[in-house]
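The values are calculated or read from the model by the stated rules, or taken from the named source; none is laboratory data. What you see is a predicted model, and the numbers here were worked out from it, not measured in a lab. Glycine gets a Cβ as well: all are built from the backbone with ideal geometry, and neighbour counts include every protein chain shown.
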Amino acid sequence: MDNTTIIGNIAAILTTTSFLPQAIKTIKTKNTAGLSLPMYLLFVLGVTLWLIYGLLNKQIPIILGNSITLLLAGVILGFMIKEQLANKIKNVFKE
């Protein structure tokens, strides 16, 4: 394994692992009140594009890292959208 591959693998592990605490907390509490929906929408789109880039260039560290990050960020985004829709429905029935 060359130095470039080692650096790519370490970067993928670090950036992917950085999402674990937020994903675990969100899954346990189902609370996304302090998170930014626009940020997560843009982030998920960016990670999706990085995954496509990795697939097109057959770069395993990019493919694996972004696949896992997309899963974790997608779960958080799903909770955020669900919470926002639930809040809108509540507000409709309050009026």
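Scanning segment 67-86 for residues that are over 8 Å from the mean Cα position of the chain (by Cα) and either within 16 Å of Ala33 (Cα to Cα) or at pLDDT below 90 (or both) returns Gly78, Phe79, Met80, Ile81, Lys82, Glu83, Gln84, Leu85, Ala86.
Would you mind stating whether Gly46 is surrounded by 15 or more Cβ atoms within 10 Å (Cβ to Cβ), of a type in the set (Gly, Ala, Ser) and either in a helix (DSSP H, G or I) or touching a Gly at 6+ places or on another chain (Cβ under 8 Å) (or both)?
Numbers: surrounded by 15 or more Cβ atoms within 10 Å (Cβ to Cβ): no; of a type in the set (Gly, Ala, Ser): yes; either in a helix (DSSP H, G or I) or touching a Gly at 6+ places or on another chain (Cβ under 8 Å) (or both): yes.
Spelling it out, it is not the case that Gly46 is surrounded by 15 or more Cβ atoms within 10 Å (Cβ to Cβ), of a type in the set (Gly, Ala, Ser) and either in a helix (DSSP H, G or I) or touching a Gly at 6+ places or on another chain (Cβ under 8 Å) (or both).
In segment 27-37, the residue that is farthest from Ala86 (Cα to Cα) out of those that are modelled with pLDDT of 90 or more and assigned to a helix (DSSP H, G or I) is Lys28. Annotation: of all residues in segment 40-95 being of a type in the set (Gly, Ala, Ser) and without any contact (Cβ under 8 Å) to a residue 24 or more places away in the chain, the one that is nearest to Lys28 (Cα to Cα) is Gly78.
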